[in-house]
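Participant: Here it is, the structure in full.
The values are calculated or read from the model by the stated rules, or taken from the named source; none is laboratory data. Keep in mind it's a predicted model, so treat the numbers as computed, not measured. So basically every Cβ, Gly included, is an ideal-geometry build from the backbone, and we count neighbours across all protein chains shown.
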Amino acid sequence: MEAGRAVFERLDCGRCHMVQGRGGRLGPDLSRVGERRDPDELVEDVTTPDAEVSPRWWTVRITRTDGTVVEGLRMGEDTFNLRIMDGEERLLSFAKAAVRSVERILESTMPAEAISDAERDDLVAYLASLRGSDS
């Protein structure tokens, strides 16, 4: 698993993904990903991240009435406000009255890294081993 952990670290996956309380919040917490996804699904997730993006992880582009554009992870909305988390993990709230448009960005924020088959297999083995606090 160490080779896969090394690939995870080299690709800076922890910038967006949390594992055992360490890492970012811009992508799914991977602490138990081995319980939720089988190795074939993990290969798909790693090699074609745009194939299936859960609505929870949709990124949006907000154009404000003053013309400024902001992108971020959609966190929620209510009758009057729209909330996102930007790439610096700042929570931002926008009054809907000040928003001209909101569009979903179809591409995943996760890059499709060019890695060797061996690195991919090591990374998938590491991810498959993540099954909770003892991982």
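Participant: Does D86 satisfy the condition of being over 12 Å from L26 (Cβ atoms) and either of a type in the set (K, R) or not assigned by TED's automatic domain parsing to the domain that holds P28 (or both)?
Facilitator: Criteria not met by D86.
Participant: Additional query: Which ones in the range 30-70 are within 12 Å of V99 (Cβ to Cβ) and either touching a Phe, Trp or Tyr at 6+ places or on another chain (Cβ under 6 Å) or not acidic (D, E) (or both)?
Facilitator: Here is the first cut: in the range 30-70, the ones within 12 Å of V99 (Cβ to Cβ) are 60-70.
Selection gives V60, R61, I62, T63, R64, T65, G67, T68, V69, V70.
Participant: Inspect all residues belonging to the range 113-120 and state whether any of them is hydrophobic (A, V, I, L, M, F, W, C) and at pLDDT below 95.
Facilitator: Checking the range 113-120: at least one residue is hydrophobic (A, V, I, L, M, F, W, C) and at pLDDT below 95.
Participant: Answer with yes or no whether G4 is over 17 Å from the mean Cα position of the chain (by Cα) and either in a loop (DSSP other than H, G, I, E, B) or closer than 27 Å to S129 by Cα (or both).
Facilitator: Yes; evaluated as a whole, the condition is true for this residue.
Participant: Go through (1) aliphatic (A, V, I, L, M); (2) under 20 Å from R25 (Cα atoms); (3) touching a Pro at 6+ places or on another chain (Cβ under 8 Å) for V124 and report which single condition fails.
Facilitator: The single condition V124 does not satisfy is (2).
Participant: With a cut-off of at least 3 residues that are surrounded by 12 or more Cβ atoms within 10 Å (Cβ to Cβ) and more than 16 Å from the chain's Cα centre (by Cα), name the strands (runs of 3 or more DSSP E) lying wholly within the range 16-135. Working first, answer last.
Facilitator: On the way: elements: 59-64, 69-77, 81-85, 91-95, 99-105.
Fully inside the range 16-135 and qualifying: 59-64, 81-85, 91-95, 99-105.
Participant: What pairs come out if I take residues in the range 18-43 that are over 23 Å from T59 (Cβ atoms) and pair them with residues that are in a helix (DSSP H, G or I) and not hydrophobic (A, V, I, L, M, F, W, C) whose C-beta lies under 6 Å away, six or more apart or interchain?
Facilitator: Short answer, once both residue conditions are applied: G34/S129.
Participant: Cβ-Cβ below 6 Å, separation at least six or inter-chain, first residue in the range 102-127 and more than 17 Å from D40 (Cβ to Cβ) and touching a residue at least 40 places away in the same chain (Cβ under 8 Å), second of a type in the set (D, E) and not in a strand (DSSP E or B): which pairs?
Facilitator: From the range 102-127, the pairs are E107/D50; S108/D50.
Participant: Can you tell me which residue within the range 80-124, out of those that are among the polar types (S, T, N, Q) and in contact with a strand residue (DSSP E or B) (Cβ under 9 Å, 6 or more places away or on another chain), is farthest from G14 (Cα to Cα)? Before you say what the answer is, go through the steps one by one.
Facilitator: Within the range 80-124, the first condition is being among the polar types (S, T, N, Q), and the residues that meet it are 81, 93, 101, 108-109, 116.
Add one more test, that the residue is in contact with a strand residue (DSSP E or B) (Cβ under 9 Å, 6 or more places away or on another chain), and what stays is 81, 93, 101, 108-109.
On the way: N81: 30, S93: 25, S101: 31, S108: 16, T109: 13 Å.
Only one residue fits best here, namely S101.
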